[in-house]
1. Under the 0.36 nm per residue contour assumption, what length would be gained going from the current alpha-carbon distance of SER293 and ASP207 to full extension?
2. If you average the C-alpha positions of the stretch 209-239 and of the stretch 574-621 separately, how far apart do those two centres end up, in angstrom?
3. Once you order the gyration tensor axes a ≥ b ≥ c over the Cα atoms, which shape class does the stretch 483-625 get: rounded for a/c under 1.5, otherwise prolate or oblate by comparing a/b with b/c?
4. Can you classify the stretch 336-389 as rounded, prolate or oblate using the Cα gyration tensor, where a ≥ b ≥ c are the square roots of its eigenvalues, rounded means a/c under 1.5, and otherwise it's prolate if a/b beats b/c and oblate if not?
5. Given a cut-off of under 8 Å on Cα pairs at least six residues apart, what relative contact order in percent is computed for the stretch 483-625?
6. Find the eigenvalues of the gyration tensor of the Cα atoms of the stretch 107-151, then list the square roots of 5 times those eigenvalues as equivalent ellipsoid semi-axes, largest first, in whole angstrom.
7. Starting from the Cα gyration tensor of the stretch 385-496, take the square roots of the eigenvalues, sort them a ≥ b ≥ c, and report rounded, prolate or oblate (rounded when a/c is under 1.5, otherwise prolate if a/b is larger than b/c, else oblate).
8. Less than 25 Å apart at the alpha-carbon level, and either on another chain or at least 8 residues along: which lysines does that give for LYS562?
Amino acid sequence: MCGIIGVIGDDPLAALLDGLSRLEYRGYDSVGVAVLAGGELWRIRAAGGGALVDLRSRVGKGELFEPSSSLTPGRSRGLPPGELVAAAGIGHTRWATHGAPTEQNAHPHSGCTGRIALAHNGIIENHRELAARLQASGHTFTSDTDTEVLVHLLEENEDGDGLAASMRRALRTVQGTFAIVAVSISDPDVIVAARRVSPLIVGIGVDRASGYVASDLPALLGRADCFYSLEDDQVAEVGAGSFVVTGLSGEPATPHELKSKWTLEDSEKAGYETFMEKEMAEQPDAISDTLRSRLRPDGFALLDDGLASAGERASALATAAYLDTIERITILACGSSLYAAMAARPAFETWANVPTDVEIASEYRYRSLAADARTLAIAMSQSGETTDTLQAARAVLGRGLPLLAVTNVVGSSLSREAQAVCYTRAGPEIGVAATKTLTTQIAILQLLAAELGQRRRVLDRGDVARISGSLARLPALVGKALAHHDEVREVAARIGQARDFFYLGRGVGYPVALEGALKLKEIAYVHAEGYPAGEMKHGPIACFEPGTVVVAVATRGPLWEKMMGNIAEARARRVTMVVVCEEGDRETAEVADEVLTVPSAPDPLTSPVIDVIAMQLLAYEIARGKGLDVDRPRNLAKTVTVE
């Protein structure tokens, strides 16, 4: 869950710092850059809160890089501004796995000779075994990370035939996951990158005289216009305007070309104070873009549209005859994607009459399940790179099940490995907490459920028209929910200092409650738990007391009266009751101490897309009231690429 960037040509130092600022959402407990200049390797690192700001400040003041080839403990040598003319460089922003977030553990790492620098995302599972062998042969380690073993392996495998050859030999002994970028004094005309599971992108500069490597596309927007994703166990030698890719045995290999419509403007704040606020505000357009062209007067066209991009792999899933044979759906996901799947599950069961399971991806892959070709597996990941979901998807394919991917990133690992793919069209999401990717995921799954219902003749023409109309209204209704932001801010100011929150919901309101609790934990660091309201009596109610905040999702639906009973039970324990209810619903509002208002959903099953807006706004305003950085919550990163 770290950010990686490599640059050759261009202005490497400026490009590295710019790219790192766009990759902070992947990890921000430490940061560092290393550049090749004047026949020497120079490095600077910083750790702790505001690490990138600190590093930029130090570079701006001329406290530049220490020469890795002549390091002395406790001492470094700086260069005045203008003297460091770099030819190539690499940078890294870290989310710590092995070793505390200190400057000593920050990447890029350099080995014993100081001639190679390397940055890494992932986990080296056999690092202890490798480190013991390397130490026995005379290598000295200076950090607590698993990554450092890689740079010593590169030194051990140097044979005068270039950095890429050293990389190929070294990685044949490595177990685990990695995205790696490295530079060497001995091979100054290339940066070398390699990937296994963790994502890595190669870019060719707009000027055709520069080359780039990055762990995510936003780091390269505006500088490169041709993008390629490395496949597992591929090694790339990236020069100034060109690159060569090989396998670990040196055989020629072909990376996957990425087609993206994202622009530099998409990855900027556009006048908003935070990325999260911007991305919440973009939800009406994101949902509209996701549904556009897929809703037709006579029904739905998601599968025809989405599966066409999967080429030959889609042949089985693209046929109505196959879809008629489906007897069960299994959705695999993690985090907010998991809750989006839970919110959409009733639509599959009601509109398509298909029993649907929602599985935690990190648990599913380790269970012993019999393969059944009549089960459609759906793997859902916002980035398409979530390691647990990707590995669960591979387990599905290994069991012979058809796999459909739902993701926001064209050409991501998940989209390439699945038999078919349906893309959301949310655009880049930089804030760590999912907002527009979550609501578009719910919308696209419900659209898929409606299309399956139509194809399987569960829905008649009247049902199709009604559901299509309900989905088409979602963008406008989400916009109306966002218009209550000021009211939510006032509620947050009154309850924001509470220490314990319980979120309750029934039916489709339950995953909304789970997502609400997750958002508060993620960005406000407040203890919060989400429960199905009927389970409140089986334990959680023991914790209810004055000062406890209970947030109840009580929009009108089939279980509204049951929900009102649960609210009464909670109020009897003198908690602070916050109720999410519909505009004009005085009966529900009367049982609340605080009210979060949302517009009515045209169909109760589509209400989660609307109701979750109140949860996003509440968490956002509580976090802002505490003075917290909502875009960079502690200990979290946007794309989880470790198990």
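Since every read-out is calculated from the coordinates, none of them should be taken as a lab result. Being a predicted model, the structure only gives us computed values, none of them experimental. FYI the Cβ positions are ideal-geometry reconstructions off the backbone, even for glycines, and counts take in every protein chain you see.
1. 27.4 nm
2. 44 Å
3. Rounded, because the longest to shortest axis ratio a/c is under 1.5.
4. Oblate.
5. With pairs under 8 Å counted, the relative contact order is 31 percent.
6. 15, 14, 7
7. Cα axes put the stretch 385-496 in the oblate bin.
8. Correct list for LYS562: LYS537.
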